[in-house]
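Q: Just dropping this structure here.
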Amino acid sequence: MPVQTMMWLGFGALMTVMFVIDLGLFNRRSHEIRFREALAWTVVWVSLALAFNVWIYFEMGPTKALEFFTGYIIEQSLSVDNLFVFIMIFAFFHITKVHQPKILKWGILGALAMRAVFIMAGIGLIERFHWIIYVFGGILVVTGIKMAFGGEEQIEPEKNYLVRLVRKFVPITKRIRDDRFFIRKGGIRAATPLFLTLVMVESSDLIFAVDSIPAVLAVSRDPFIVYTSNVFAIMGLRSLYYLLSNVMEMFVYLKLGVSVILVYVGVKMLLVDIYHIPIGFSLGTIVGVLAISIITSVTIGSKKARASYRA
């Protein structure tokens, strides 16, 4: 059996076991995930990602290990912006913390499938049409600039195509019934607001993938490296959401930092045929931007928030 096939099978087996343990065993029933539980699972997923990175170092070499780690950091930093969207979606549909884990669990499953399709399509396009890399780079630069200077994102389900499609063909109940996505009402199968919320979460991740996948492809075009770094970031996103959901207001400059990262990665793609920016420099830049935005948020941002509160 080819080594590459064995690596994919081994990774698939590892993720299956971890998925069953995390989402099937410990979080099988709907319950509110508190800070300590979220912190524990965040540590588990980060530690597992770092251990996998060490394995890549010894099996595939230092360059691939650096690509994986950079891709993982990019995906984690960009996913923070998605956390803001999740918070707004749950608030709009009045989803309690007890019901949020189930939605995120199924959202993760959908995200893993979508990322596989996007990654294979992206790599295939770049290999067949080299010029498409400039399109990806331009998308990232424009997205980063819009994120930096745009206003607050608005959640408008009535403008979401998938939500309108569901409402057109499936009856929707007004109330949430336990933690079910579908119920039978008067002999008719109807969807609950939980299912509409899941549709919104999946559609937001679809839009998010349009930015995040090209960003990681700027670092590596190895399908194994790109997909595994994405999977580890996504699998840890659920616990990271509960870890940060109550303190997201503190990180007022984090979104600006993410926009700078998007612009940087986009420029890196646009310069690919002129100058190759070393992967180590890219990693240092991304980590540095994240550190500055977090430190600035915690110091300057928190002072401004306290001052406005007193006023």
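The values are calculated or read from the model by the stated rules, or taken from the named source; none is laboratory data. Since this is a predicted model, take the numbers as computed values, not measurements. Counting neighbours? That spans all protein chains shown, and the Cβs are built from the backbone with ideal geometry, glycine included. Remember, those area values only see protein heavy atoms, side chains included, never the ligands or the DNA or RNA. Shrake-Rupley method; radii C 1.70, N 1.55, O 1.52, S 1.80 Å.
Q: Heavy-atom accessible area of Arg189 with all protein chains present, probe 1.4 Å, nearest 10 Å²?
A: Using a 1.4 Å probe on the heavy atoms, I get roughly 130 Å².
Q: Under 20 Å from a point placed 7 Å out from the Cα of Thr63 along the Cα-to-Cβ direction: which residues of the range 126-144 have their backbone N that close?
A: Counting only backbone N, you get 126-128.
Q: May I ask for the net charge around Arg177, where only other residues with Cβ less than 12 Å from the Cβ of Arg177 are counted and Lys, Arg are +1 while Asp, Glu are -1?
A: On the way: positive: Lys174, Arg175, Arg180, Arg184, Lys185; negative: Asp178, Asp179.
Result for the local shell: +3.
Q: For Tyr253, Tyr57, what's the largest-to-smallest order of accessible area, 1.4 Å probe? Present the calculation step by step, with values, prior to reporting the outcome.
A: On the way: Tyr253 60, Tyr57 110 Å².
Listed by decreasing accessible area, they come as Tyr57, Tyr253.
Q: In degrees between 0 and 90, to the nearest 10, how far off the longest principal axis of the chain does helix 254-270 point, with axes built from Cα atoms?
A: Approximately 40 degrees, to the nearest ten.
Q: Still on this structure, I have one more. Within the accessible area of the chain, what % is carbon and sulfur when the probe is 1.4 Å and the other protein chains stay in place? Walk me through the intermediate numbers first.
A: Numbers: 10970 of 16020 Å².
Looking at the chain in its full context, I get 68 percent from C and S.
Q: Something else: What lysines sit close enough to Lys146 to cross-link, taking a C-alpha to C-alpha distance under 22 Å and skipping anything fewer than 8 places away on the same chain?
A: Lys159, Lys255, Lys268
Q: Report the accessible area of Ile87, computed with a 1.4 Å probe over the heavy atoms of all protein chains in place, in Å² rounded to the nearest 10.
A: Here the residue's solvent-accessible area equals roughly 50 Å².
Q: Same structure again: Relative to the first principal axis of the alpha-carbon coordinates of the chain, what is the inclination of helix 279-296, with its axis defined by its Cα atoms, in degrees from 0 to 90 and to the nearest 10?
A: With rounding to tens, the tilt is 50 degrees.
Q: Ordering His99, His94 from largest to smallest accessible area (1.4 angstrom probe), what's the sequence?
A: From most exposed to least exposed: His94, His99.
Q: On a full-extension model of 0.36 nm per residue, what is the gain between Asp273 and Val142, subtracting their alpha-carbon distance, rounded to one decimal in nm?
A: On the way: separation 131, 0.36 × 131 = 47.16 nm, distance 2.00 nm.
Taking 0.36 nm per residue and subtracting the Cα distance, the gain is 45.2 nm.
Q: Return one number: the angle in degrees, 0 to 90 and rounded to the nearest 10, between the long axis of the Cα atoms of helix 3-19 and the longest principal axis of the Cα atoms of the chain.
A: With both axes taken from Cα atoms, the answer is about 30 degrees.
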